[in-house]
Ligand code: PGA
Ligand code: ZN
């Protein structure tokens, strides 16, 4: 039974405040820290920020107070193993669909901490607590960020993530090792470009290191301004590392197109160009034809249903079409996208949904639809590794965490390595990607 709930402000990987919640149930306890996005969608559950002067308005003291004053009383005395029942009273207490009254960061904070407390109380790993009766699934195939642009990098490159998917790897540790080599090769190429561009190191030593800048998720910021050049750089890095582009290491891209879509003019503002819907669909289809791409996330804006359907008609039988802002881990939006045949894979972010139970339901609904779920971190994270357990517990098959750098990313990759060692569970591998057979 829940005996105490506390919440306080901590700082995330961007140095911004976020909510940490601790739930106690007698001798057992669990702690969870809420992540935060930069390229957030309009249809996500609403994150509550204090405004005012503290932390540039990004404080979360009110969300923490909401946990202590309003949510703690309604969960007190409930069994920590009743995740669905607790999530229901949390949502009812907020009273809004998008959790805007108390804040989704308050609600998810409690929901996540309850899951951890249940693991402690029952002396089981979190992934086993989150698993349905059938038990936990395989270690997920990671899609790993190598190059960054968009809102995560403040660079010329408008596309947000260029990721490596080690589709030929046979184990999870091999998947990491593979992308480590690709990332290092990409870093060497970017350093060489910077050296030849005369980008001197602070020591003034022209032959010294010219380490590439690193973005919010640990990806390198390349000195290229268009997507084709970034795809080519990644293909070269895959070859440098000794892998076959496409067959052994394929490319995923998160276009995050909502953020360069100009709704007033109904145009995509892509690096100086203004593309209409048909031209944007052509552009993305052109990338898929020209490069070894296996997955495309948010190629069109979050409410451009027509554009999504056109693209899905053209390429949906060949590549994974992954909805992030489009679906916002929301059951109603997933149902609409299913009906329209607008995508074939769903990004799953707990803080878009607002509770562990809502997250689980959207993930399971995407599996029921024959779609591929991809559990995902946010660009603002802490060393909380809950999503690693979620991906295995619910057998998502894929995970997206960021690059192989920065401890808030590695905490999750390393959690999966620990589970790989402790279990003899399988690895989802390249078959986890949509379109599924
Ligand atoms: P975000 O980025 O956390 O800034 O939204 C992640 C993503 O777009 O997938
Ligand atoms: Zn995204």
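The values are calculated or read from the model by the stated rules, or taken from the named source; none is laboratory data. Predicted model, so just to flag it, every value in this text is computed and none were measured. Cβ coordinates were reconstructed from backbone atoms using ideal geometry, including for glycine residues, and neighbour counts include every protein chain displayed.
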Within the range 43-50, is there a residue that is over 27 Å from residue 328 (Cβ atoms), at pLDDT 95 or above and touching a strand residue (DSSP E or B) at 6+ places or on another chain (Cβ under 9 Å)? no
Give me the pairs, please: first residue somewhere in the range 51-73 and free of Cβ contacts under 8 Å to residues at least 40 places away in the same chain, second residue anywhere and in a helix (DSSP H, G or I) and surrounded by fewer than 14 Cβ atoms within 10 Å (Cβ to Cβ), beta-carbon distance under 9 Å, and either six or more positions apart or on two chains. 51/57
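Within the range 157-199, restricting attention to residues that are within 16 Å of ligand 1 (Cβ to nearest atom) and in contact with a helix residue (DSSP H, G or I) (Cβ under 8 Å, 6 or more places away or on another chain), which residue is farthest from residue 215 (Cα to Cα)? Even if it seems obvious, please write down each step before you answer.
So in the range 157-199, the residues within 16 Å of ligand 1 (Cβ to nearest atom) come out as 157-165.
Still in the running and in contact with a helix residue (DSSP H, G or I) (Cβ under 8 Å, 6 or more places away or on another chain): 157-162, 164-165.
Details: 157: 12, 158: 13, 159: 13, 160: 10, 161: 10, 162: 12, 164: 16, 165: 19 Å.
If we take residues in the range 157-199 being within 16 Å of ligand 1 (Cβ to nearest atom) and in contact with a helix residue (DSSP H, G or I) (Cβ under 8 Å, 6 or more places away or on another chain), then 165 is farthest from residue 215 (Cα to Cα).
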Select from the range 390-409 the residues that are over 14 Å from the mean Cα position of the chain (by Cα) and assigned to a helix (DSSP H, G or I) and write down the one among them that is nearest to residue 140 (Cα to Cα). 392
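I need the helices (runs of 4 or more DSSP H) fully contained in the range 282-389, keeping only those with at least 2 residues that are touching a strand residue (DSSP E or B) at 6+ places or on another chain (Cβ under 9 Å) and closer than 27 Å to residue 158 by Cα.
Of the helices (runs of 4 or more DSSP H) lying wholly inside the range 282-389, those with at least 2 residues that are touching a strand residue (DSSP E or B) at 6+ places or on another chain (Cβ under 9 Å) and closer than 27 Å to residue 158 by Cα span 305-315, 331-340, 350-353.
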Out of (1) part of a strand (DSSP E or B); (2) within 16 Å of ligand 1 (Cβ to nearest atom), what's the single condition that is false for residue 14? (1)
Take the residues of the range 140-199 that are within 16 Å of ligand 2 (Cβ to nearest atom) and assigned to a loop (DSSP other than H, G, I, E, B): which is farthest from residue 273 (Cα to Cα)? 153
May I ask you to list the residues in the range 410-421 that are in contact (Cβ under 8 Å) with a residue 24 or more places away in the chain and either more than 15 Å from residue 136 (Cα to Cα) or surrounded by fewer than 24 Cβ atoms within 10 Å (Cβ to Cβ) (or both)? 411, 412, 413, 414, 415, 417, 419, 420
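When you go through 7, 84 one by one, which is the residue that is in contact with a helix residue (DSSP H, G or I) (Cβ under 9 Å, 6 or more places away or on another chain), surrounded by fewer than 17 Cβ atoms within 10 Å (Cβ to Cβ) and under 26 Å from residue 330 (Cβ atoms)?
Residue meeting the stated conditions: 84.
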Residues 193, 262, 228, 209: which one is on the phi < 0 side of the Ramachandran plot and touching a residue at least 60 places away in the same chain (Cβ under 8 Å)? 228
Go through (1) in contact with a helix residue (DSSP H, G or I) (Cβ under 6 Å, 6 or more places away or on another chain); (2) at pLDDT below 95 for residue 35 and report which single condition fails. (2)
Candidates 330, 351, filtered to the one that is modelled with pLDDT of 95 or more, within 15 Å of ligand 2 (Cβ to nearest atom) and under 11 Å from the mean Cα position of the chain (by Cα): 351
Does at least one position in the range 119-133 carry a residue that is within 15 Å of ligand 1 (Cβ to nearest atom) and crowded, with 23+ Cβ neighbours inside 10 Å? no
Any residue in the range 297-315 that is crowded, with 20+ Cβ neighbours inside 10 Å, more than 24 Å from residue 44 (Cα to Cα), in contact (Cβ under 8 Å) with a residue 40 or more places away in the chain and away from ligand 2 (no atom under 14 Å from the Cβ)? no
Pick from 350, 373: which is without any contact (Cβ under 8 Å) to a residue 40 or more places away in the chain and surrounded by 24 or more Cβ atoms within 10 Å (Cβ to Cβ)? 373
Got a sec? Which of 91, 74, 60, 21 is within 28 Å of residue 124 (Cβ to Cβ) and touching a strand residue (DSSP E or B) at 6+ places or on another chain (Cβ under 9 Å)? 21
Which members of the range 209-259 meet the condition of being away from ligand 2 (no atom under 16 Å from the Cβ), surrounded by fewer than 24 Cβ atoms within 10 Å (Cβ to Cβ) and within 20 Å of the chain's Cα centre (by Cα)? 214, 221
What is the residue count in the range 318-347 for residues that are buried (at least 19 other Cβ atoms within 10 Å of the Cβ) and over 23 Å from residue 387 (Cβ atoms)? 3
